[in-house]
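Take a look at the structure below.
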Amino acid sequence: MKAPLISTLSLFVASLLVTSSLRAEDPRPNILFIAIDDMNDWTGFLGGHPQTLTPNLDRLARRGVNFTNAHCSAPACSPSRLALLYGVQPYESGFYPFYDHEQIPLESLARYISLPATFRRAGYKSFGAGKIFHGHNGLGEDWNEYHQPQTFDLVYAPNQGYQQGTSEKMAFCPTTNRLEEHPDHQVASYGIDVLSRDHSQPFFLAVGIVKPHLAFVCPQQFYDALPDRITPPKIREDDLVDVPWVGRSMVKLQDDFRFRTDNAWEKVHRSYLACISWADYNIGRVLDALEASPYADNTIVVVWSDHGYHQGEKRSFRKFSLWEESTRVPFIVFDPRTNPAVNEPCTEAVSLIHIYRTLCDLSGISAPEYVSGTSLRAQLENPRTALNEPAMTTWGRGNYSVRDDHFRYIRYYDGTEELYDHRRDTNEWRNVADDADYAKIKMRLAGQLPRNEAPLIQEGVALWNVNDADRPQRIKSFKTKSWPAWVKKMNPALK
């Protein structure tokens, strides 16, 4: 009767020895890859709003390197994520607007390999949950496992918040559901589960948090934690007067008009802040699980948002522009092996396009040759290290923003321009593109624009909501639009 017990015990000990041997033979770091949807700089570690509550992200920013001048490759979910996850800029790939990932022709994607697939090919196990790719979980080679959260009907607290009619998308309300019934809680729980497992090879764990994406709804307690009155962002009423027509066409004036008419902007801001705290809460759960795991000392954590978000600035709501509110994003990298107590931000202008090469470099993996960007290893080791490469953002073919440490230069497909001096104008209220004193600066930044543009990939396009070089006729209808009287009053340039 004892023989089977001894045999089982021997097998168990042997398996432990094998596991230990595998870990010893493969010291490469694990990756915890946390994606956030639609989060702007309204976080404690970026100081974008005085009433925000993001203790978990703030703590991570203090431990790692907080890139305070980070920018997306495109101010929309689909092109931003395609650029980051495949390591190729929109003007190089032709993926300018929104795409249904499953409808993109295979030949258009065959030349690229995704970031999780690259790690998987290098011997990592890849795990994913939530929103990583836009509208699709990725190709078959991307993941060993992919978690799909359960769907529950969310119930809004009665007589609270704001909702436009019966639109589920345009809801700004606290929910009464259990925390576990929200998708982001389930996604975080999956990440916690993966971190609790015994891994015999390095892992790439991607956790995609959806909030604060519309609808701005989350549990009641995150609303209750906010002050009674919410401080509005700084807004200049005539901010569009010196903006070219293409830039004005990107503004979501209808949203601003509706919120003002309904006296709802404060409720919108409260809901956005609450959803940011809700995202922070779930990210904190995953970070706490990592800290409690045996992988804490050998796991690189990277946190990023796919783009920023207007909250009334430039008379706009949502993203879809080439201004600071749309392009600037939270971006933190914590490598416990090299910067356990850096506690110093990096103020260099950086692009999220650098993430692919950075993670490959830190993990000893060769990135595919085509991958754009530069490894940020030097900035992680010393945040004061200059990058000498501005951040480029594309929104439609022919529309570009170039952001360096002090300036933002925008050129639209029709040749019109904007230039903002962030040393004196952090709100981007004064367009100095025609100021002779800035001629050399404008010329220098214009020299960074792409000289060649990939043609638009038309197959698989799901949403094309921008005026660009491929749809110049749209600007004509915009110029002749019959604007509401309130819009004309607040925006003299639209008369």
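What follows draws every value from the coordinates through simple rules; no lab data is involved. Here the structure is a predicted model, which means the values were calculated and not measured. All Cβ positions, even for glycine, are placed from backbone atoms using ideal geometry, and neighbour counts span all protein chains on display.
When the square roots of the Cα gyration tensor eigenvalues are ordered a ≥ b ≥ c, the ratio a/c for region 91-215 is 1.5 or more and a/b does not exceed b/c, which makes its shape oblate.
Hey, if you put +1 on the Cβ of every Lys and Arg and -1 on every Asp and Glu Cβ in region 29-494, which of Phe172, Phe204, Thr54 ends up farthest toward the positive end of that dipole? Sorting the options by dipole projection puts first Phe172.
Among the GluC sites (Glu not before Pro) found in region 146-235, those both in a DSSP coil and sparsely packed, with 14 or fewer other Cβ atoms within 10 Å of their Cβ, are Glu168.
Think of each Lys and Arg Cβ as +1 and each Asp and Glu Cβ as -1; about the Cα centre, that makes the dipole of the chain roughly 700 debye. Scalar couplings 3J(HN,Hα) for region 76-81, obtained by applying the Karplus form with A = 6.51, B = -1.76, C = 1.60 to θ = phi - 60°, are 7, 4, 4, x, 5, 6 Hz; x denotes Gly and Pro. Bridge orientation summary for the chain: considering DSSP beta bridges with both residues in this region, about 50 percent are antiparallel. Here the spin labels are modelled as points 7 Å beyond Cα on the Cα-Cβ line, and at Gln150 and Thr176 they lie 2.0 nm apart.
Looking at region 333-407, the GluC sites (Glu not before Pro) that sit in a DSSP loop and have at most 14 other Cβ atoms within 10 Å of their own Cβ are Glu369. Count Lys and Arg as plus one, Asp and Glu as minus one, and take only other residues whose Cβ is under 11 Å from that of Gly284; the net charge is then -2. Separation of region 384-423 from region 201-272 is 23 Å, based on Cα centroids. Taking Cβ atoms as reference points and 15 Å as the exclusive limit, the residues near Ser351 contribute a net charge of -2, counting Lys and Arg as +1 and Asp and Glu as -1.
Of the cross-linked pairs Lys131/Lys169; Lys169/Lys314; Lys319/Lys476; Lys125/Lys169; Lys234/Lys479; Lys314/Lys479, which ones have a Cα-Cα span greater than 24 Å in the structure shown? Check vs 24 Å cut-off fails for Lys125/Lys169; Lys234/Lys479. If you take all other residues with their beta carbon under 11 Å from the beta carbon of Ala274, and give Lys and Arg +1 and Asp and Glu -1, the sum is +1. Dipole of the chain computed with +1 at Lys/Arg Cβ and -1 at Asp/Glu Cβ about the Cα centre; of Ala439, Ser293, Ser372, farthest Cα towards the positive end is Ala439. Taking a ≥ b ≥ c as the square roots of the eigenvalues of the Cα gyration tensor, region 356-470 is oblate, since a/c reaches 1.5 or more and a/b is not larger than b/c.
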